[in-house]
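The values are calculated or read from the model by the stated rules, or taken from the named source; none is laboratory data. What you are looking at is a predicted structure, and each value in this text was computed from that prediction instead of being measured. Neighbour counts are summed over all protein chains in view; Cβ atoms, including those assigned to glycine, are modelled from backbone coordinates with ideal geometry. All accessible areas refer to the heavy atoms of the entire protein, side chains included, with ligands and DNA or RNA removed. Shrake-Rupley method; radii C 1.70, N 1.55, O 1.52, S 1.80 Å.
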Amino acid sequence: MVILKFGGTSVADAECIRRVAGIIARERRPRAVVVSALAGVTDALLHLAGCGGTIPGNPPPRALDTLLRRHTAAVQLVRERAARVALEHELYAIAGHVAATLESAPGRLSPRSRDEVAAAGELWSSRLLAAVLADSGVPAAWIDARQVMRTNSRHGTAVPDLARTRDAVTRLVAPQLSRGVVAVLGGFIGSDPSGVTTTLGRGGSDYSAAVFGACLEAAEIQIWTDVDGVLTADPRVIPHARPVARLSYGEAHDLASFGAKVLHPGTIQPAVDRSIPVLVRNSYRPAAPGTVVGLRDASAPAVPVAGLACRTGATLLEAIAQDDAAGEGFVSSVFAALNQLGVEAVLADLCGRRLVLTVQDLADVESVRLSISKIADVRVATGLATVSAVGEGLAADPRLSAARALGELPVHLVSRPPGGRTLSFVVDAKQLSTAVARLHDCFFGVADRRTPPVRPAVRA
């Protein structure tokens, strides 16, 4: 059997949902479908919850009604009247629960209530997709993911309980598949031991797909999005970036960790643990082959660089030990100070008594500076970005000459773990596009920019 997971941009509106239903119908193997909320819906719901039921300039009933109307607009895909009426009733009931939750707390909602509100996006989308599939002649059953994905009680970032989830999958999902019925579940959502709704956090729908795939011992997990697989670079920065045919699990993890947006780091770990291949495909161009993420083929030569990842929001910290004999104790003290503040270093380089590291999206620079200044002299630089080349072949072919490709661009740090598969550069954020373009040309050759590959625009 296979898992098909569809992201928010793949189910953005009625036409997208119709296209997705066609993809599912053409897959003949037993299949379970995991679907995200429609594009932008989860963010809008969380904004509602974070504002205690208010969006600036848009009262809660109107804001919620706007989201509901996006979903009821797709109800017209269901041609059979009784099924259409039943679907509308279900969608309105979900909205009613959100409204009641918002009204129950006039101020900022608790984490538990925020999860109740956020879950509506996947409940709406999964109800819609299941009804559209059934109406189109594909045997399909909606299954409440909250009854299947069992988690702890950490609202907003719940962790799946794999044993209890496997039991629920065996009871609720597997029997549908054995009868030739497509099981449709919302991603991102679950419930704790008391049955209270939880959410898995960023990348949660991919996580749901990987967990369900592991529990069902799937042959493959398909992640359907709006690009032709994992690309050699961010297409918003490099329009001529091209798809990567194959990645190892490690390469996919590192690309995601350093900023690639297609997969979220860690969310496919259950698939990795069971060596289940993950296919990244484009729902707008389903004939495109996409990218296969799987075990590294030890018999094939490793490609030096599989792709580039980049992100802004980096802060560089340079700490110089105040004592020449500080040694490893100095480094441990710096990392302990960061850990106490909940700050994680992304890149680090040690030379003598000088430690240079970068952190991502640092909110309180001054607190970090003051904490480290107790044990070292500190210099802080903000407004930076990281560009990382990732490839299994970098261990044997480090390509450090790539630094020369950056020419006159200021490079604040070059980091390459010994024997690792990443080579990272810290540059000024305003120079990020130029740096990525030069490195892309260095690793992948100069492409003809006059005819970039056609890909659908990312929907908001």
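Listing for the model above:
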{"quantity": "For peptides 5-11, 308-314, sequence by mean Cβ density within 10 Å, most packed first", "calculated": "5-11, 308-314"}
{"quantity": "Local electrostatic count, Thr170, Cβ distance below 15 Å [Lys/Arg +1, Asp/Glu -1]", "calculated": "+2"}
{"quantity": "Kyte-Doolittle at least 0.0, axis length at least 30 Å by Cα - qualifying DSSP helices, the chain", "calculated": "81-103"}
{"quantity": "Estimated FRET transfer efficiency (Ser299, Arg29; beta-carbon r; R0 30 Å; 0.05)", "calculated": "0.60"}
{"quantity": "Asp377-Leu162 FRET efficiency (beta carbon distance; Förster radius 35 Å; 0.05 resolution)", "calculated": "0.15"}
{"quantity": "Nearest-0.05 FRET efficiency for Asp361 and Arg62, computed from C-beta distance (R0 22 Å)", "calculated": "0.10"}
{"quantity": "Whole-number accessible area per residue in Å² for the stretch 159-212, which is evaluated in the context of all protein chains at 1.4 Å", "calculated": "35 Å²"}
{"quantity": "Sequence ranges 237-249, 220-232, ranked by mean other-Cβ count within 10 angstrom, highest first", "calculated": "220-232, 237-249"}
{"quantity": "Percent accessible area from carbon and sulfur atoms, the stretch 106-155, protein chains only, probe 1.4 Å", "calculated": "46 percent"}
{"quantity": "Residue-normalised accessible area of the stretch 324-378, expressed per residue, 1.4 Å probe, Å²", "calculated": "58 Å²"}
{"quantity": "Highest-first arrangement of 270-279, 423-432, where packing means the average Cβ count within 10 Å", "calculated": "423-432, 270-279"}
{"quantity": "Solvent-accessible area, 1.4 Å probe, carbon plus sulfur percent, for the stretch 280-327", "calculated": "56 percent"}
{"quantity": "The stretch 329-417 - percent of accessible surface contributed by carbon and sulfur, probe 1.4 Å", "calculated": "50 percent"}
{"quantity": "For the chain, share of DSSP beta bridges that run antiparallel, in % to the nearest 5", "calculated": "65 percent"}
{"quantity": "Accessible area expressed per residue, the stretch 1-137, with surrounding protein chains retained (probe 1.4 Å, Å²)", "calculated": "42 Å²"}
{"quantity": "Arg19 accessible area, assembled protein chains, probe 1.4 Å, Å²", "calculated": "60 Å²"}
{"quantity": "Between the stretch 108-133 and the stretch 315-394, the Cα center-to-center distance that results, in Å", "calculated": "40 Å"}
